[in-house]
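To start, the structure under review is shown below, and the notes come after it.
The values are calculated or read from the model by the stated rules, or taken from the named source; none is laboratory data. This is a predicted model, so every value here is computed, not measured. Neighbour counts are summed over all protein chains in view; Cβ atoms, including those assigned to glycine, are modelled from backbone coordinates with ideal geometry.
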């Protein structure tokens with residue numbers, strides 16, 4: 001009764017297991033996909049692919065919008081009755097204009113995800129500062145939507161953030177591994 005006749009002829013052949021123990025499955029390998037800090041260094045490069053050209057255009061537009069925001073803040077600071085005379089807010093307007101100029105030129109020159117993220121953080125913080133100043137007041141100063149260039153500067157900052165988010169998305173999409181139609185990834189051929 002304890003007789004085992006062995007494998008029956010014509011049955012399924014033995015298939016090697018992917019992992020020796022089902023309790024410890026192998027991690028999924030994704031060649032070409034960087035996860036972690038390497039993601040911040042992605043950029044469109046000098047490729048002529050449509051996706052890379054769109055990313056380059058988005059970086060350029062975002063950088064130009066950062067410079068425009070910087071110019072508006074400098075113009076408001078430098079006027080004869082401008083923000084220069086307001087304690088604490090005046091120097092912050094000058095700092096915003098200098099930082100916006102440097103970041104805008106940097107985004108255009110570098111064209112990397114990390115530069116776009118810094119630009120996004122900068123314009124979002126600038127817009128948030130304006131909103132806090134309008135609704136509650138900021139450092140003893142309450143601004144208004146009716147102030148010169150308030151709506152224009154706010155719009156520039158929101159559009160700059162949007163364009164830079166698009167640039168980041170295009171870089172991340174463009175650097176995803178590509179598989180040609182009809183081919184199988186390495187190691188999966190049957």
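Of all residues being part of a helix (DSSP H, G or I) and out of contact with any helix residue (DSSP H, G or I) (no Cβ under 8 Å at 6 or more places or on another chain) in segment 71-91, which is surrounded by the fewest Cβ atoms within 10 Å (Cβ to Cβ)? Just the residue, please. Top of the filtered list is 85.
If you go through segment 93-140 and pick out every residue that is modelled with pLDDT under 85 and surrounded by 16 or more Cβ atoms within 10 Å (Cβ to Cβ), you end up with 6. I'd like the full set of residues that are at pLDDT below 90, over 13 Å from residue 114 (Cβ atoms) and crowded, with 19+ Cβ neighbours inside 10 Å, limited to segment 163-177. Selection gives 170, 174, 175.
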